[in-house]
Amino acid sequence: MERLDGSVRVALRRAGVPDAGVLAEVTHAWPDAVGAAIARAAWPQRLARDGTLHVTTISSTWAFELGRMEAEVRAKLAVSLGDATPPSLRFAPGPVPSPPAEESPVSEPLAPTAEEASTATELSAEIEDPALREAVRKAVAAGLARGRGDRQV
């Protein structure tokens, strides 16, 4: 049985529609090729029938500046894409995706000191419900320990 995607790609190519796989390769290579600053300000959107890569930018100023740098940007893309490098680029203001949120490193919570544990016990002592008292005690102790970790030394 023949895969349908190959037949569809051939039919689209005959009709003059660029291969969607090329756009996927370009968007994958874009951040490394152009650098983080440009990738935050400009993003590849589509390939025209003539192979021109249309890139949207966050402002007309970015579009103008990147238009002046077209040859340099194409050269950087060529390192990753080789023959799949678009023959020309066109920059215009438009929607640019937000960069992914940077993950903050997860650190182990600090264990409360004996003094912090004692303070937490004192602050929660008047709570009648034992389960609630214990939950508040743990929360207060953790908060005191976290506060100690946030202090500048």
Only one of (1) modelled with pLDDT under 95; (2) exposed (fewer than 12 other Cβ atoms within 10 Å of the Cβ) fails for R68. Which number is that? (1)
The number of residues in segment 29-56 that are within 16 Å of A78 (Cβ to Cβ), touching a residue at least 24 places away in the same chain (Cβ under 8 Å) and surrounded by fewer than 16 Cβ atoms within 10 Å (Cβ to Cβ) is 3
Anything in segment 66-78 that is within 17 Å of A24 (Cα to Cα), in contact (Cβ under 8 Å) with a residue 24 or more places away in the chain and either touching a Ser or Thr at 6+ places or on another chain (Cβ under 9 Å) or not assigned by TED's automatic domain parsing to the domain that holds G21 (or both)? List them, or say none. L77
Going through segment 43-65 in order, the residues found to be within 20 Å of E25 (Cα to Cα) and assigned to a helix (DSSP H, G or I) are none
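The values are calculated or read from the model by the stated rules, or taken from the named source; none is laboratory data. Keep in mind the model is a prediction, meaning the values are calculated, not measured. Using ideal geometry, Cβ is built from the backbone for each residue, glycine included, and neighbour counts are taken over all protein chains shown.
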